[in-house]
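Scroll down for the structure; my scribbles are underneath it.
The values are calculated or read from the model by the stated rules, or taken from the named source; none is laboratory data. In this text the structure is predicted, and so the values were computed from the model without any measurement. Ideal geometry is used to build each Cβ from the backbone, glycine not excepted, and the neighbour counts take in all protein chains shown.
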Amino acid sequence: MRVGVVLGTGHGEKGTTGTVVDDLLQRVRQHTEIDVDVVCTDDLDLGPSCPACLACMTAGEQACPNVDNASPARELMDAADLVVFATPVHSFTLSATMKRFVDHFAYLIHRPRYFGTPAVLVSTAAGAGHDAALGYLETAIRRWGFHTVGQLGVNGPGLAKPPYRTKVDLALDEIASTAVHAVRDGGEPTPTTSDLIGFRVARLLVESSRDDGPVDAAYWDERGWFDADWFTDAKVPRVANALAGLVEGRIRKGIANGSSKPYRG
Ligand SMILES: Cc1cc2nc3c(=O)[nH]c(=O)nc-3n(C[C@H](O)[C@H](O)[C@H](O)COP(=O)(O)O)c2cc1C
C-alpha cells in the first residue's frame, strides 16, 4: 500500500504534526506493509503565495509558473492509495504553507481526479482551531475527488497527560484500521447533497469559463460530465440530486438576472 503524506508545517517530520502522523503510520504498518512518500509543503518552494494568474485553469496545470516545484506533491497524490493531509493550527485555521499548497492545486476543483482515493486529515494545536482547519481541508480535498475516511485534531501539550494520550492512541488505532480497510475495499462513498451541489457548481464554472480557455471543458467533454449527475458511476441518491438541482437552478437564476444577494454573514 502506498501512503502519501502532505505535511503543512515548517517544523518538518520531527515537529508535533509530523510526530502524530508518524504515530498513525506506525499503526497502519501493523495492518499492512506500506511505502510512504512525504512532502513538506515548505520544501516545495512555491513562493510567497499562488501567483493567482489562473493559467492552471485556462491553459492547463503545466502553465503554472511553479509547476515544477509543485510536481513532487502532484506525483505523491497521483501514486497514493491513501493520502494523509496534516497541518498545525495557525490562528484558528490551517497553516499558511498548507493553504499555499491547496491554492497551487486549485485547478483540481475544475478538473478533479482523485475519486476513489481515501484521505485522512490530521491537525495539531496548542488547544483550539481543529474544526476550522480540518473542516476546510475536508471540503477542499473533496473538490479534488478524495474522500475523507478519518480525521483527528490533537492538542500537542495534552499528549503529556496519560488520559489524553490514551484517547489519542485509541483514535489513531481506529483511524489506521478504517483507512486500511477503505483502501482494501476500494470504491466511492455515495455522493451527498453537498457533493452533488459541488458537482453542479463545478459544471457551471467550467461552462462559463469555456471562452477563457478550452482545457477545463475538454476535460469534462472527455469524461461525459456535462451530461452526468456526478463524476463517477457511484449511485446518485434521487432526493439529494433533486435538491442539488434546485440549488443549481437558483444559482443560475441569480447569476443570469443579478438577483443573488451579497453575503452579509
Ligand atoms: C503562527 C502560529 C499560530 C498558532 N495558532 C494557534 C491557534 O490558533 N490555536 C492553537 O491551539 N494553537 C496555535 N498554534 C500552536 C500550533 O498549532 C502547535 O504548536 C502545533 O502543534 C505545532 O505543530 P508543528 O510542530 O507541526 O508545526 C500556533 C502556532 C503558530 C506558530
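For region 49-68, state whether one or more residues are touching a residue at least 24 places away in the same chain (Cβ under 8 Å) and either outside the structural domain of THR139 (by TED's automatic domain parsing) or touching a strand residue (DSSP E or B) at 6+ places or on another chain (Cβ under 7 Å) (or both). Taking every residue of region 49-68 in turn, none turns out to be touching a residue at least 24 places away in the same chain (Cβ under 8 Å) and either outside the structural domain of THR139 (by TED's automatic domain parsing) or touching a strand residue (DSSP E or B) at 6+ places or on another chain (Cβ under 7 Å) (or both). Among the residues of region 1-43, those identified as of a type in the set (A, V, I, L, M) and away from the ligand (no atom under 16 Å from the Cβ) are MET1, VAL3, VAL28, ILE34, VAL36. Applying the set (1) surrounded by fewer than 13 Cβ atoms within 10 Å (Cβ to Cβ); (2) assigned by TED's automatic domain parsing to the domain that holds ARG143; (3) β-branched (Val, Ile, Thr) to THR178 leaves exactly one unmet item: (1). Could you list, in sequence order, all residues of region 191-225 that are assigned to a helix (DSSP H, G or I) and hydroxyl-bearing (Ser, Thr, Tyr)? Within region 191-225, THR193, SER194, SER208, TYR219 meet the criteria. Can you list residue pairs whose Cβ atoms sit under 9 Å apart, with the first residue in region 1-23 being without any contact (Cβ under 8 Å) to a residue 24 or more places away in the chain and closer than 16 Å to PRO157 by Cβ and the second being more than 8 Å from the ligand (Cβ to nearest atom) and not acidic (Asp, Glu)? Count only pairs 6 or more apart in sequence or on different chains. Listed by first residue and then by second, the contacts come to THR19/LEU159. Each residue in region 198-222 was checked for being among the charged types (D, E, K, R) and surrounded by 15 or more Cβ atoms within 10 Å (Cβ to Cβ), and 3 pass.
None of ASP131, ASP211, ASP169, ASP103 is under 29 Å from VAL67 (Cβ atoms) and in the same structural domain as ASP42 (by TED's automatic domain parsing) except ASP103.
Conditions tested, residue by residue: (1) within 30 Å of ASP212 (Cα to Cα); (2) outside any loop (DSSP other than H, G, I, E, B).
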site	(1), (2)
THR9	no, no
GLY18	no, yes
VAL21	no, yes
LEU25	no, yes
VAL38	no, yes
PRO48	yes, no
ALA52	yes, no
GLN62	yes, yes
PRO65	yes, no
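For region 226-233, the criterion of being at pLDDT below 95, within 25 Å of ARG113 (Cα to Cα) and in a loop (DSSP other than H, G, I, E, B) is met by at least one residue. Out of VAL83, VAL20, VAL36, one residue alone is within 17 Å of the chain's Cα centre (by Cα) and closer than 30 Å to ASP185 by Cα. It is VAL83.
In the set ASP185, ASP212, ASP169, ASP227, which member is out of contact with any helix residue (DSSP H, G or I) (no Cβ under 7 Å at 6 or more places or on another chain) and farther than 30 Å from THR124 by Cβ? Among ASP185, ASP212, ASP169, ASP227, only ASP227 is out of contact with any helix residue (DSSP H, G or I) (no Cβ under 7 Å at 6 or more places or on another chain) and farther than 30 Å from THR124 by Cβ. Any residue at all in region 77-86 that's crowded, with 20+ Cβ neighbours inside 10 Å, within 23 Å of ASP216 (Cα to Cα) and among the charged types (D, E, K, R)? The answer is no, given that none of the residues of region 77-86 is crowded, with 20+ Cβ neighbours inside 10 Å, within 23 Å of ASP216 (Cα to Cα) and among the charged types (D, E, K, R).
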